[in-house]
Amino acid sequence: MLPKYLEVKNIQDRDQVLLDWISTYGEIDVCTECKETSPNAYLKPDMSWFNSYDLDTELIHKLTYIYNNRYQGEHFYIGKGPVGNPAFLNENEYYNMPFSDDGFKLLALYRYWNIIHYFFPYHYVTDTEWQQVLRAYIPVFLNTKTRLDYELAFIKLIGEINDTHASTTVGFTNVQNKRGEYYPPFKTQFINDTLVVGDYYNPELQEPSKINSGDVITHINNKPVQAILDSVRPYYPPSNEVVKLRDIASDILRSNNKQIRIDYVSKHKKYSHQLPLYVV
């Protein structure tokens, strides 16, 4: 019904399209045993939007009736997972989502937004008010031109809740491919926003790498490390700065090339070097 909805020219036509859509699902019987949500419940269904957006009185009554007589038995879509987390049952995963279809992009955005809105107990302390997040990301998702754009938009959205437990798993291969398959032969970490070389995974690789543990990398491919750090921060969703910097440090020297140029400081002297990278 999305194409039909997008054709409406005024709010009267909009409300009629919605009423017609709701009617296709049939009548809802009166629920004689439905219980009201406890007034003490902090997380509860948000129906405040019924009285927003200049909805037609008939549409408000219809939505209110549906809510008051909603099914309250075992839920078809929502169950309880490990440690009490919600399990989202019987939802299509759309791994082969047609990327050119804006409806699927919006569906993904709406699903995630609603999961956080209704099941994440800390959405009221996010940096950006959660209602505003949805408004901000609708044009972002619709304006994505490639799968990589879409994946980056979603990672940035995930980062809005500042929770290390929120991460990506299946379906974000384009981001990983962009970051590269080749890695440096040593660990790195940020100390006060300074990128410091740590231990080598294989000591034999230190000789061709030139750089020593404790040296400070200042530029990567002629770009200041601080500028790179600022540009990628939104795409690392952890809940605190320490974990965010840890995750960025593990990726910042990745590349699809077998070597990258680095500028670094060792014993107060500046050096440049083509650092060899390796497949892990």
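The values are calculated or read from the model by the stated rules, or taken from the named source; none is laboratory data. Small disclaimer: the values here were computed from a predicted structure and weren't measured. All Cβ positions, glycine included, derive from the backbone under ideal geometry; neighbour counts span all protein chains shown. Accessible surface areas use protein heavy atoms only, side chains included; no ligands, DNA or RNA. Shrake-Rupley method; radii C 1.70, N 1.55, O 1.52, S 1.80 Å.
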Look through the range 31-62, keep the residues that are over 32 Å from the mean Cα position of the chain (by Cα) and open to solvent by 100 Å² or more (accessible area, probe 1.4 Å), and return whichever of them is nearest to P3 (Cα to Cα). E58
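Conditions (1) of a type outside the set (S, T, N, Q); (2) more than 24 Å from R179 (Cα to Cα), marked per residue:
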| residue | (1), (2) |
| --- | --- |
| N96 | no, no |
| D102 | yes, yes |
| L107 | yes, yes |
| N114 | no, yes |
| H117 | yes, yes |
| Y122 | yes, yes |
| E129 | yes, yes |
| Y150 | yes, no |
| E160 | yes, no |
With respect to L195, is the statement that it is out of contact with any Gly (no Cβ under 9 Å at 6 or more places or on another chain) and either part of a strand (DSSP E or B) or loosely packed, with under 13 Cβ neighbours inside 10 Å (or both) true? yes
Taking the range 1-30, which residues are among the basic types (K, R) and surrounded by 12 or more Cβ atoms within 10 Å (Cβ to Cβ)? R14
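Condition check ((1) assigned to a loop (DSSP other than H, G, I, E, B); (2) under 25 Å from Y124 (Cβ atoms); (3) in contact with an Asp or Glu (Cβ under 7 Å, 6 or more places away or on another chain)) across all residues:
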| residue | (1), (2), (3) |
| --- | --- |
| C34 | yes, no, no |
| P45 | yes, yes, no |
| D54 | yes, no, no |
| L59 | no, no, yes |
| Y67 | no, yes, no |
| R70 | yes, yes, no |
| F76 | yes, no, no |
| E93 | yes, no, no |
Consider P203 carefully, then state whether it is more than 30 Å from E160 (Cβ to Cβ) and touching a residue at least 24 places away in the same chain (Cβ under 8 Å). no
Within the range 147-200, which residues are among the aromatic types (F, W, Y) and more than 16 Å from N212 (Cα to Cα)? Y150, F154, F172, Y182, Y183
